[in-house]
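One structure is given below, encoded as structure tokens.
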């Protein structure tokens, strides 16, 4: 059981800064921020979950949680969970070392929605609510700059340009042979023996693009700094929503140029083909649990503008039986089609042979389950991963290879997506 109390706040921006600053003393933290984006399927403006009362590191443990006394859970599914779901394996290098999945039952949850801070504390922590609110208020308006002694991070490429072209052409060979129609080919950028200030790095990364599915996560010595524009899957009552992104273009220098770029993206045959293939894959995934005839494409290839890039997004929904275990909805659709390809299993097998690193948390999903079995998870892209103990920093980017792909264009798309992470890490502290 949780105690619930609400307080009014005068500034959501100052509340966010204060909540993040206050979270520094906890070793188990998940912060989710929609950055003011409001859509048909939005939930809250931001949410902070801290402190570990219970933890789950297996699918079976998660399933049982929803069969007994469910509570809020926050955490992630890593891309390599695929190896438990299908006959697959991953033997590539992994410098970060996130387990395949991890969720914790937080002691303290604070939700920011409109001008309200809603506190949801376990009964054992109820006496902390008033004191914690006063501490948060005292932090509002203070300078939140992190003065940690860090240096610019020298980034290395795991796959150099010539090797990228060679691998992209091998993907094309598989496509021309009919093994796959599409595959998401990712490459890692990394740095060894470095130290960063994770929270400050997250704030800088988030400020560049202010995306709708931003996340900051600390689990002991492992950190995620995520500026994701993409939703993987949401359950809202009996409705399930997926919003894959396929198709990326830069923003224009002014309104006229930006409109021209958006129109060009909307009509681009290659980008539309990518998006439609993944939309079909998602329709198939959702149909596994959907009430017959309920799978619907609400938006197809719609263009959305973000601070850094324009994106092509489709929205697919379905209805499910109320007694469906929410974990089953994840296992039937994971990993998300936008980060794998079509057919999904064939694409994942080929990806594993041609990519150089285990993806780990990259192209996994971070989010929450609530006590009613509703959930919302992003796609972990546009993200920096950090293992403080190993002094290892990593970020990865990818693009979809289809029959019409030009390796040079795909390579440039990767560099466009990598720009924000690189600029944040190469800044002087």
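The values are calculated or read from the model by the stated rules, or taken from the named source; none is laboratory data. Keep in mind the model is a prediction, meaning the values are calculated, not measured. Here the Cβ is made from the backbone with ideal geometry for all residues, glycine too, and neighbour counts use every protein chain on show.
Structure above, values below:
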read-out: Sole residue being farther than 20 Å from residue 418 by Cα, out of contact with any strand residue (DSSP E or B) (no Cβ under 8 Å at 6 or more places or on another chain) and assigned to a loop (DSSP other than H, G, I, E, B), chosen from 324, 353; value: 324
read-out: Members of region 216-229 that are surrounded by fewer than 24 Cβ atoms within 10 Å (Cβ to Cβ) and within 30 Å of residue 295 (Cα to Cα); value: 228
read-out: Enumerated strands (runs of 3 or more DSSP E) restricted to region 163-266, each holding at least 1 residues that are closer than 24 Å to residue 422 by Cα and modelled with pLDDT of 95 or more; value: 182-192, 213-219, 222-228, 231-236
read-out: Helices (runs of 4 or more DSSP H) contained entirely in region 1-100, each with at least 2 residues that are closer than 29 Å to residue 123 by Cβ; value: 12-22, 59-67
read-out: Among (1) within 21 Å of residue 236 (Cα to Cα); (2) surrounded by 14 or more Cβ atoms within 10 Å (Cβ to Cβ); (3) modelled with pLDDT under 95, the one test that residue 68 misses; value: (2)
read-out: Candidate set: region 381-414, residues that are out of contact with any helix residue (DSSP H, G or I) (no Cβ under 8 Å at 6 or more places or on another chain) and assigned to a loop (DSSP other than H, G, I, E, B); chosen: the one farthest from residue 44 (Cα to Cα); value: 406
read-out: Subset of region 271-304 that is within 27 Å of residue 254 (Cβ to Cβ) and in contact with a helix residue (DSSP H, G or I) (Cβ under 7 Å, 6 or more places away or on another chain) - its residue that is modelled with the lowest pLDDT; value: 271
read-out: Flag for residue 330 being assigned to a helix (DSSP H, G or I), touching a strand residue (DSSP E or B) at 6+ places or on another chain (Cβ under 8 Å), farther than 23 Å from residue 171 by Cβ and modelled with pLDDT of 95 or more; value: yes
